[in-house]
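FYI, it's all coordinate maths here, none of it is from the lab. Everything numeric in this text was worked out from a predicted model, so none of it was measured. As a convention, Cβ positions derive from the backbone with ideal geometry for all residues, glycine included, and neighbour counts pool all protein chains shown.
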Amino acid sequence: MSGGGPPKKRNFKIELFKHRVELDPKYAERTWKVLEHAIHEIYNHNASGLSFEELYRSAYNMVLHKYGEKLYDGLERTMTWRLKEISKSIEAAQGGLFLEELNAKWMDHNKALQMIRDILMYMDRTYVPQSRRTPVHELGLNLWRDHIIHSPMIHSRLLDTLLDLIHRERMGEMINRGLMRSITKMLMDLGAAVYQDDFEKPFLDVTASFYSGESQEFIECCDCGNYLKKSERRLNEEMERVSHYLDAGTEAKITSVVEKEMIANHMHRLVHMENSGLVNMLVDDKYDDLARMYNLFRRVFDGLSTIRDVMTSYLRETGKQLVTDPERLKDPVEFVQRLLNEKDKHDKIINVAFGNDKTFQNALNSSFEYFINLNNRSPEFISLYVDDKLRKGLKGATEEDVEVILDKVMMLFRYLQEKDVFEKYYKQHLAKRLLSGKTVSDDAERSMIVKLKTECGYQFTSKLEGMFTDMKTSQDTMIDFYAKKSEELGDGPTLDVHILTTGSWPTQPCPPCNLPTEILAICDKFRTYYLGTHSGRRLTWQTNMGTADIKATFGKGQKHELNVSTYQMCVLMLFNSTDGLTYKDIEQDTAIPASDLKRCLQSLACVKGKNVLRKEPMSKDISEDDTFYFNDKFTSKLVKVKIGTVVAQKESEPEKQETRQRVEEDRKPQIEAAIVRIMKSRRVLDHNSIVAEVTKQLQARFMPNPVVIKKRIESLIEREFLERDKADRKERGMRLIRHHICPDRFESGNRDMEPPTQAQLEAEVEGNYCRSRVPEGRRAFAMKRHLYTYAHASNMIVQNRFGVWSHRDQGYIRRTRYFKFVKIGWGLSRLRRVCQQHGVFAWYQCTPRREELEAAEAGVRRLFSRHTPAWMKKQKRLQRRERERDERRLNKQKRPLALKQQQLKAQAPMARAVLLFAYTKWK
């Protein structure tokens with residue numbers, strides 16, 4: 001090799017053929033004959049002797065030499081001829097061999113298609129997409145559909161055979177499910193439209209007709225429970241049939257047909273079926289049948305609502321009979337227990353049979369709420385039931401059992417619309433239990449109060465909790481009384497006093513009766529002790545609420561200890577000095593009210609086994625001409641004999657009206673408070689919206705009457721708490737009344753402002769604050785987010801629950817919720833007086849001396865440091881820096897620093913103290 005350059009590149013050139021390549025004119029025909037023969041051999045099951053490699057190459061060459069159309073058309077003609085021959089073979093099959101022959105030919109056709117598709121794969125990949133022809137495999141399926149399935153002799157015969165087999169299976173016969181699965185799969189392979197049009201639609205129509213007739217037959221001869229069992233069985237059979245040999249998409253359609261024909265078309269007849277419908281299932285606790293009905297009816301439109309409507313109607317009708325039956329109202333405890341039993345029963349039905357469906361639970365709750373409130377004595381009865389359980393019904397019960405019973409009672413309590421009436425009766429019954437000491441458990445009592453407090457809030461139970469506080473305080477007071485007065489009391493009668501707060505206990509005005517001399521002496525000693533210990537209080541003896549234990553000696557020396565009421569004690573003590581007294585003598589000596597005295601004497605003289613007195617003439621009623629004697633012949637097996645007071649007859653109609661009026665009077669302040677709360681937050685509102693809002697707020701306690709709400713609105717307007725919108729009145733007259741808070745009433749310095757009403761107090765306690773409107777010319781300070789800019793005039797401003805009160809202006813000048821702010825003028829004496837008045841810190845010996853002034857400044861600074869706003873801290877830093885600059889400047893000018901410090905101490909401390917005190921946030 002010589003030379004230094006790279007080798008030269010060779011240039012390649014492609015030259016055309018010098019002569020034209022010509023194929024044999026008979027090549028295509030000859031090649032197709034080979035392929036056609038191979039196709040026939042494949043259909044004849046003689047494919048083992050074929051060379052698929054040569055056949056593939058032949059088909060490849062035909063397509064390559066532009067004979068693809070000839071190949072495709074020849075394939076279509078050959079397959080059509082073979083399928084016509086197959087059709088004749090299938091048509092010749094008889095009876096049960098028809099489906100077997102069809103399935104066998106279909107399997108052969110599928111195998112042949114796979115082989116032919118493999119041979120003609122090149123044509124499938126090139127010629128078919130280019131010429132937009134049907135692929136080979138799909139072509140074979142289409143030809144099978146057109147020449148086999150849609151053949152006039154096969155189509156109707158295939159459908160009838162399939163439907164007949166399904167009908168025979170429904171009637172209980174065994175069929176070849178594997179063959180059925182193969183035939184239906186063939187129809188699906190031919191296309192979803194073939195399956196749906198040629199089989200599914202006729203199948204659904206026949207199924208609808210079948211179940212329509214069968215359901216009519218079943219409903220005529222079966223009761224509701226058996227019909228539902230057969231319907232459930234048929235539905236399960238159809239779903240099982242789909243899973244075995246039908247397409248999965250058919251399940252929803254076939255179940256819809258069965259549900260419509262078996263359930264939806266007979267739904268109302270089933271639930272109202274006589275002696276076996278829904279009502280009978282509820283009465284007889286047929287959980288299985290109810291669960292079956294629920295599961296079947298939930299499948300159809302409006303099925304569950306039908307069950308709910310029937311159940312609600314049944315519950316309301318049954319409950320209405322329960323709460324209005326006079327015989328069942330005689331025993332309140334049994335009445336409430338029957339309600340609880342009904343609730344437990346239907347709760348179990350909903351949990352077990354209805355899958356704890358919330359809609360059914362809501363229907364049950366609405367039904368109970370409806371019929372419980374039909375009886376206006378339901379609150380009283382529920383309270384009596386609780387009273388019975390807490391007196392004796394829970395003895396021996398575990399803590400869990402107590403909680404279960406109380407939870408059930410609270411469930412009924414939630415249904416009450418007049419919860420305030422329940423509170424009234426519960427307070428009375430609780431007072432009797434506490435005063436008589438007959439409560440079964442203090443823990444159970446407090447648990448009940450906690451549940452009421454959780455349900456209705458603190459205000460509902462505040463007085464009930466106060467009753468327990470009074471009992472504990474009374475116990476401590478009596479211990480202290482006997483500790484201090486034991487020597488003075490001697491061996492006289494023992495006194496146990498319960499001191500009751502007037503606002504907490506359901507006491508009523510009671511005329512004082514004449515107590516026996518022995519008892520009156522110790523009562524006076526206790527009064528003297530108590531009033532000497534607690535100044536500013538007043539004691540009033542409630543003799544109608546007390547009890548006493550008396551030791552009595554009867555004929556033959558028999559001694560008994562009698563447990564009686566205070567009134568009964570006063571009567572019995574009269575017979576220590578005489579053997580007989582007339583009714584008028586007893587009434588004059590004791591001064592007991594006539595109604596109470598008659599019941600007292602009736603229990604002492606007319607009750608068999610407890611008649612410690614003898615009445616002449618003997619009768620059950622007490623009259624003014626009766627004479628009473630001590631019964632020497634009284635005997636009893638018990639040493640301790642409890643003589644109860646005859647229960648007063650039920651309230652007369654005037655008494656009921658009076659009770660209702662008291663309840664309505666108690667509701668008026670609550671309605672007014674709700675109106676004020678709403679108007680303070682909304683400012684302007686139309687009448688209907690006010691009624692709706694008030695009802696929404698108070699429905700947890702009672703259901704207010706719209707007429708009463710309207711009257712309360714008018715009352716507030718008359719007292720200038722509300723006013724009508726004048727513009728609205730001009731435009732729309734009185735059709736739409738709009739109310740808003742009078743700003744002069746609540747926010748301006750009105751010197752003639754009346755004392756706050758109960759409505760105002762409750763409204764302010766809620767803390768619903770509104771934006772302030774400060775009158776012009778009377779702005780004492782401007783409020784920012786965390787800052788006040790105060791006026792320079794000497795004044796003291798105190799914030800309470802109604803707003804900011806100005807002592808100078810004698811009026812409310814602003815409302816705010818940020819700081820309780822006090823601004824005072826100069827002067828140490830006023831500063832000390834205000835501090836002592838408000839209890840911020842005590843300067844008891846603060847005088848204008850310099851050392852005391854410095855101590856005052858230090859105390860104010862310590863108090864201020866806990867509540868200093870950020871801006872004030874910044875001001876202090878600036879002041880400190882300014883003082884430091886002054887000091888440096890003074891030092892630079894060589895002036896005496898001591899003199900300057902003395903001047904600062906003489907002038908600054910009082911100003912700083914007042915400034916710091918002015919911005920203190922009160923606790």
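Descriptive notes on the structure:
- Summing Lys and Arg as +1 and Asp and Glu as -1 over all other residues whose Cβ lies under 15 Å from the Cβ of Lys640 gives a net charge of +4.
- Each of Asn280 and Gln417 was given a label point 7 Å from its Cα along the Cα-to-Cβ line. The distance between the two points is 3.6 nm.
- FRET E, pair His65, Ala104, Förster distance 41 Å, beta-carbon r, rounded to 0.05: 0.60
- Asn705-Ser577 FRET efficiency (beta carbon distance; Förster radius 51 Å; 0.05 resolution): 0.35
- Using 0.36 nm per residue and subtracting the Cα-Cα separation, the extra length available between Ala594 and Asn376 on full extension is 75.5 nm.
- Order by protection proxy (mean Cβ within 10 Å, highest first), peptides 293-306, 574-587, 487-500: 293-306, 574-587, 487-500
- Stretching the chain fully between Lys484 and Thr695 yields a gain of 70.5 nm (0.36 nm per residue, less the alpha carbon separation).
- Glu616-Leu520 FRET efficiency (beta carbon distance; Förster radius 35 Å; 0.05 resolution): 0.70
- For the listed peptides 82-92, 39-49, a ranking on the average number of other beta carbons within 10 Å per residue, highest first, reads 82-92, 39-49.
- Stokes-Einstein D (µm²/s) once Rh is taken as the Kirkwood radius of the range 503-612 over alpha-carbon pairs, at 25 °C in 0.890 mPa s: 156
- The trypsin sites (Lys or Arg not before Pro) of the range 370-479 meeting both criteria, a DSSP state outside H, G, I, E and B (loop) and at most 13 other C-beta atoms within 10 angstrom of the site's C-beta, are Lys395, Lys438.
- Model label points for Ile717 and Asn295, set 7 angstrom from Cα along the Cα-to-Cβ axis, are 6.3 nm apart.
- Counted charge near Ala93, where neighbours are those whose Cβ lies closer than 11 Å (Asp, Glu -1; Lys, Arg +1): 0
- Counting only Cβ charges, +1 for Lys and Arg and -1 for Asp and Glu, the dipole size of the range 453-546 around its Cα centre is about 360 debye.
- Computed over neighbours whose Cβ is under 14 Å from that of Gln475, the net charge equals -4, Lys and Arg +1, Asp and Glu -1.
- Taking the Cα centre of the range 547-649 as reference, the dipole from Cβ charges on Lys and Arg (+1) and Asp and Glu (-1) amounts to some 700 debye.
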